[in-house]
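Values quoted throughout were computed directly from the atomic coordinates according to the rules given, and no laboratory measurement underlies them. As the structure is a computational prediction, the values presented were derived from the model and not from experiment. So basically every Cβ, Gly included, is an ideal-geometry build from the backbone, and we count neighbours across all protein chains shown.
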Amino acid sequence: MKVEQISIFIENKSGRLAEITRILGEAGINIRALSLADTSDFGILRLIVNDCAKANSVLKENGFTVSKTEVVAVEVPDRPGGLSAILQTLDREAINVEYMYAFVERCGGNAVIIFRFDETDKAIAALQAQNFNMLEGSRLYNM
Amino acid sequence: MFFNEEFETLPRPALEALQLKRLQSTLERVYANVPFYKASFDAAGIKPSVVTSLADLQKLPFTTKQNMRDSYPYGLFAAPMEEIVRIHASSGTTGKPTVVGYTKKDISTWSELMARSFVAAGAHKGDIIHNAYGYGLFTGGLGAHYGAEMLGASVIPISGGNTKRQIMIMQDFGSTVLTCTPSYSLFMAEEAQAEGVDFKKLKLRVGIFGAEPWSEEMRNEIETKLNLSAIDIYGLSEIMGPGVAIECIEAKKGLHIWEDHFIPEIINPDTGALLSEGERGELVITTITKQGIPLIRYRTRDITSLTYEPCICGRTHARIARMSGRSDDMLIIRGVNVFPSQIEAVLVGIEGIEPHYMLIVDRQGTLDTLTVQVEVSEQLFSDEIKVLQALSRRVEKEIKDMLGVTCTARLVEPKTIQRSEGKAKRVIDNRKL
């Protein structure tokens, strides 16, 4: 139920994002989902890609600091209150969301939200208990 | 272990008597042969004969780097050019370089002092000395080279640069002693790691590091990463080159300055007043055996202190403390004196921070600003903003706590701070003062 995400440290200066996407593109890596967290000095680019291990190694070869993180991809019903139901479940279990970002799944009509929790396993169990659908990593990578 | 036991362990009264005799003859010689010294002694109303004790040394005027520049290139030489067999020059980061000349005897003295230094550091005949100090006008390479040969060790004159080749040679040739700048040793460790070479499997036993100020914390870092005993060596081209002073491996506590050839003093850099034992100030050195370019009370601009306390190694020569910096490396930020080495000590004390850093000083309006650039290593990196921000704040707080200066810590991508294969550049001062 866990999805591998890679995070890359980037300095806040022009061309860094272009550089990363160029490296990934040349290595034949497809980006499935991304989010960029930024401060005035630096940013963290978080990516879900079709080949996490390869993305990790080509970026490291090019001198980037990269780390792998486990996140959870939850399918969110595309109707008012869809996300709220998920967050309420987590709140009841006192699970913190460190960050989240959404992307629209092309095959179904639902949205998919990527979550980073403080307690990943506990979050998965709580969401499963409420019958929320979580996407397998393999499905995301190959979408 | 000693290279020249008799002189290295000379009882203090005999050592001081020897110093006085050598000082007097040096003064006679410079007064007779160097117009600058004749003029400077005459201006102070002093004849060499007034020096009848070592304490009289303080009556003499100082020699400064500016005096050397004004005499560029050969004005301070005390021996005729026919007797000068070697010429070196300082890096001359500002203006013309300072030029020094050596007679045959100077080269042999230098070689001996460097050989003594190797032995004090724990090296011996049979060692394979990997000499990565630059060969050329800079005194580091050739100074260490001649000392290694006099010791009877096998010296690899690899010089600086081409780090991959350095690592290959260290591995294949079985180098046991490494000589280079401390910052370059860490750069080598980083490159070795990238190449998949484990320093722990190399035969290196001792590293002799100098030519830039470094901290005790950096020593620990180097000793862990390179798996060797790291020894601090001190020297400057004006006085001789490397081997003016060295730590003994027995104590690793202060650097023995070879007092049968140099007389050290510590002064207040602002007033020129002599400071007493243990007080921190500018190191002043008088050479008492040099022929090519003897210097009287040369202001080194290096900040340290002096102790005459006996050392467990048995050497009777005084020790200077680890340099906290060069008085001209010292930054004054909003009135606070800051040495880059102090910031380095704070940084390497924080887990995961690489000892590669850059200090950027600027002025906004009338206020000085200090930015400390730190590389984000894999070990430090978190994909959560708050963790990285907490790291920046920690760097800022520790620097504030230790040095009393407010700074901004800026995290930068790895390997973006310029690496140096010689002396590391740690400061960019953008202030237009």
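Mind checking which of B:H130, B:H88, B:H256 has the largest fluctuation in a GNM of chain B, springs on alpha carbons under 10 Å?
The residue with the greatest mean-square fluctuation here is B:H88.
Pick out which of B:P242, B:P97, B:P355 has the largest mean-square fluctuation in a Gaussian network model of chain B, springs linking Cα atoms closer than 10 Å.
So, out of B:P242, B:P97, B:P355, the one fluctuating most is B:P97.
Give me the aspartates and glutamates in straight-line cross-link reach of B:K21: C-alpha distance below 16 Å, same-chain residues under 8 apart excluded.
B:D56, B:E259, B:D260
How large is the dipole of the range A:71-141 about the Cα centre if only Lys and Arg carry +1 and Asp and Glu carry -1, each at its Cβ, rounded to the nearest 20 debye?
Charge dipole of the range A:71-141: 200 debye, to the nearest 20.
Sort by residue number and report every cysteine in chain B with no other cysteine beta carbon within a distance under 4.7 Å.
B:C180, B:C311, B:C407
Using amide H atoms built in the peptide plane, which far-off residues or other-chain residues are under 5 Å from B:D302 H to H?
Residues meeting the amide H criterion: B:L283, B:S327.
Ignore the peptide's own chain and count Cβ atoms of other chains within 10 Å of each Cβ in B:407-414; give me the average, rounded.
Mean inter-chain Cβ contacts per residue within 10 Å come to 4.
About the Cα centre of the range B:331-429, how large is the charge dipole given +1 on each Lys and Arg Cβ and -1 on each Asp and Glu Cβ? Please answer in debye to the nearest 20.
320
Mind pulling the per residue volume of the convex hull built on the Cα atoms of the range A:71-141? Å³ is fine.
84
Output the antiparallel fraction of DSSP beta bridges having both residues in the protein assembly as shown, as a percent to the nearest 5.
Counting only bridges with both partners in the protein assembly as shown, antiparallel ones make up about 75 percent.
What does the average come to when, for each residue of peptide B:43-51, you count the partner chain Cβ atoms lying within 10 Å of its Cβ?
Mean shielding count: 0.
Using modelled backbone amide H atoms (1.01 Å from N, in-plane), which distant-in-sequence or interchain residues come within less than 5 Å of B:D368's amide H?
B:R334
With a 10 Å Cβ neighbour count serving as the proxy for reagent exposure, in which order, fewest first, do B:M330, B:M240 appear?
B:M330, B:M240
So if R0 is 56 Å, what FRET efficiency would A:S14 and B:E309 give, r being the distance between their Cβ atoms, rounded to the nearest 0.05?
0.45
Return the lysines within reach of B:K104: Cα separation strictly under 18 angstrom, same-chain partners fewer than 8 residues apart disregarded; answer none if there are no such residues.
B:K290
Between B:G161, B:G126, B:G335, where does the largest GNM mean-square fluctuation fall for chain B, given springs only between Cα atoms within less than 10 Å?
Its mean-square fluctuation being the largest, the pick is B:G335.
Mind checking which of B:G243, B:G207, B:M1 is farthest towards the positive end of chain B's charge dipole, using Cβ charges of +1 (Lys, Arg) and -1 (Asp, Glu) about the Cα centre?
B:G243
Work out the length of the dipole vector of the protein assembly as shown about its Cα centre, built from +1 on the beta-carbon of each Lys and Arg and -1 on the beta-carbon of each Asp and Glu, and round it to the nearest 20 debye.
For this selection, approximately 1140 debye.
Per-residue HN-Hα couplings for the range B:24-41, Karplus 6.51 cos²θ - 1.76 cosθ + 1.60 at θ = phi - 60°, whole Hz, x for Gly and Pro?
Calculated HN-Hα couplings, in order: 4, 5, 5, 4, 4, 5, 5, 5, 7, 10, 10, x, 4, 5, 4, 5, 6, 5 Hz.
Find which of B:M114, B:A148, B:Y135 sits farthest along the positive direction of the dipole of the range B:95-164, computed with +1 on the beta-carbon of Lys and Arg, -1 on that of Asp and Glu, about the Cα centre.
B:Y135
Averaged across the residues of B:383-391, what count of C-beta atoms belonging to other chains lies within 10 Å of each residue's C-beta?
5
Among the listed pairs B:K201/B:K252; B:K225/B:K253; A:K13/B:K386; A:K2/B:K386; B:K200/B:K386; B:K65/B:K425, which have their C-alpha atoms separated by more than 26 angstrom in this model?
B:K200/B:K386, as the Cα separations exceed 26 Å there.
Considering the range A:2-69, what Rg and Dmax in Å follow from its alpha-carbon atoms?
Rg then Dmax for the range A:2-69, in Å: 11.0, 33.
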